[in-house]
Amino acid sequence: MTYEALSPLFWGMVLAMFLANSIQWFMYRERIYGLYTIYTLVWAFYFVINHFQLPTNLGNFYKLSSYVGYILYLELAKLFLNLRERPRFLRWVVIVQWMQAFYCIVKTYIYLFTDFWQTPLHHILLQPIRFAMLAVGGYIVYSFFRSKDVVARFFVAGTASLLINHSITAALLLHSPDLSLSLPFWKHPDLYLQAGVVIDLIFFSLGISYRHRREAVRKAVVEKDLEREREQRHREHLEADLALQRMQQEKTEVQMRALQSQVNPHFLFNGLNTLSSLIDESPRQASEFVDELSNVYRYLLRSNENELVTLSDELRFIRSYFHLLQTRFGSSIQLKLSIDPPYHEYLLPPLTLQLLVENAVKHNIVMPEQPLSIHIRTTNPDLLIVENNLQRKNLRIESNGVGLSNIEHKYRLLNQPTPLVGEADGWFQVILTLLNQPQTQLANPQKA
């Protein structure tokens, strides 16, 4: 068997690897796949030239493609060996690449435009170049054969196989520089050169595949870590929002308690004033007033425990409270309730009606010839209207700021529309929104 019979086999193997890697390059578009595709293409071209009989000078000129392959080999070394982390070694590799490029230019001129390639001196000068190339590859193997990186090991293994076969090729060329395709295949130098290149390409292909798989695994791990970090941040964000909501709720509760606590001393002050006037005028009525006052105050104390109460509870309280007012004003004050039954279980802030009724008494004339009428009624949709006939006092009444502002503040804390205040046809109106929430969330302030 001759080398001529084996040469197409090597060419077919290299071409197959070129086609396979071209597909990978089109799929992934990574630089290493592009370089490796060109690298295999250069060696495929070199193998084809070896298979044809060309004039010696032209054949040698085309065989310079092998040095282009060595330039690409060093470019691949930068990626396989990650030479960016070793800047001094990287600079040395770049210098060698430029020297190879200069050598290719000089050899092109010699083969195409001079006869120097036919002289014995030319053949003598070829040997140092070959051994220099072997020295470069040997230094790379020496520098990285202990590397723990699997990709680098594939590159070193491919380089070692290339060095071994190139060494055999150099020895055969020294022994017999005449390359004849009729030589037995085991004596032909190009057999070992091409065998080394094929083995080198196989190791490079395995190294690139392993590198791609490792990068895919690394990216998957990074994505998983990022997803876990995003979930952790989302969880922390939710926990922070929950903590903020709790703080806001606690703040709201404290503010509501503060507003409710303002009513108690204010109501007590008015009740004691009324009681003081009754003690001398009517002791019996004073005694009855004390009983009613104790019932009303029981509700006041319980109201501080809830942010909302049912309308029915508030109406029961306002009836008791109105008894106290009638004790003081008699027929000069009148109360009318028009509440639709479905609204009895709706909610509103406690003591809202008491504040509005007290506000009406405070700012209007209450006399037998000018009775004050207070009307509390419901209307769709979910509204409560508290109104009184407008008969303002001529004297300016000093306000302590508890009345309407207190109610408006409570509704703002509950994130509800603030009450509407206005006058129409001689009546002063306050329109409140009733809240439709489950009664089970609240305690009944009437039940002690």
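Every number here is computed from the coordinates shown, using simple stated rules; none is lab data. Everything quoted here is computed from the prediction, not taken from an experiment. We place every Cβ from the backbone using ideal geometry, glycine too, and count neighbours over all the protein chains shown.
Structure summary
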| item | result |
| --- | --- |
| Point-to-point label distance, GLU369-ILE385, nm (Cα→Cβ direction, 7 Å offset) | 3.1 nm |
| For the stretch 304-374, alpha-carbon Rg over 2.2 N^0.38 Å | 1.19 |
| Aspartates and glutamates whose Cα lies under 13 Å from that of LYS219, excluding same-chain neighbours fewer than 8 positions away | GLU227 |
| Given LYS336/LYS410; LYS148/LYS224; LYS362/LYS410, the pairs whose alpha carbons are separated by over 23 Å | LYS336/LYS410; LYS148/LYS224 |
| Linear extension gain, SER405 paired with ALA132, 0.36 nm per residue minus alpha-carbon span | 88.7 nm |
| Burial order of peptide ranges 124-130, 369-375 (average beta-carbon count within 10 Å, highest first) | 369-375, 124-130 |
| Isotropically averaged projected area of the stretch 3-231, using the convex hull of Cα atoms (one quarter of hull area), nm² | 14.1 nm² |
| Pairwise label distance in nanometres, ASN295 with LEU315, each label 7 Å out on the Cα-Cβ vector | 1.7 nm |
| Net charge over other residues, Cβ less than 14 angstrom from the Cβ of LEU275 (K, R count +1; D, E count -1) | -3 |
| Ordering of 278-284, 408-414 by burial proxy (mean other Cβ atoms within 10 Å per residue, highest first) | 408-414, 278-284 |
| Estimated inter-spin distance, TRP98 and LEU206, nm [label 7 Å along Cα→Cβ] | 3.6 nm |
